[in-house]
Amino acid sequence: AGVPVVYVDPAYTSRTCAECGHIDRANRVSQAWFACRSCGFVDHADRNGSRNIRARAWELRRCGAPSTAPAPPPRQRDGAGRERSTIASGARCASPTL
């Protein structure tokens, strides 16, 4: 789809505060909750971790890291399978009459 993909090392993303960057095992209050011991930031643990991963990916792309997305598979045009059409909403369906 043309979306750049960059590998991000997930180490310590669940222990790092997405607001101040403080890393501490105690920041992870429970499986579901994150509370920074330094700045007091509280968030759902998965949301906090995903913000850290996003920030690392942005930094890698800013520094010029190449995309690691696999090449799309070649399109098959030998008549195998059914023809697909696109309807107004952009959804794809197997039958052109739907």
Net charge around Ala57, counting only other residues with Cβ within less than 15 Å of its Cβ (Lys, Arg = +1; Asp, Glu = -1)? +3
Roughly how many Å² is the accessible area per residue of segment 1-47, as a whole number, for a 1.4 Å probe? 67
The ³J(HN,Hα) series, computed from each phi in segment 63-71 with the Karplus coefficients 6.51, -1.76 and 1.60 at θ = phi - 60°, rounded to the nearest Hz and given as x for glycine or proline, is 7, x, 4, x, 5, 10, 5, x, 5
A chain fully extended from Val6 to Ala32 at 0.36 nm per residue, minus the present Cα-Cα distance, gains in nm 6.7 nm
Starting from the Cα-Cα distance between Arg47 and Arg62, subtract it from 0.36 nm times their residue separation and give me the gain in nm to one decimal. 3.2 nm
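The values are calculated or read from the model by the stated rules, or taken from the named source; none is laboratory data. A quick note: this is a predicted structure, and the numbers were derived from the prediction, not measured. Note that we place each Cβ from the backbone using ideal geometry, even for glycine, and neighbour counts take in every protein chain shown. Side chains are part of the model used for accessible areas, which takes the heavy atoms of the whole protein and leaves out ligands, DNA and RNA. Shrake-Rupley method; radii C 1.70, N 1.55, O 1.52, S 1.80 Å.
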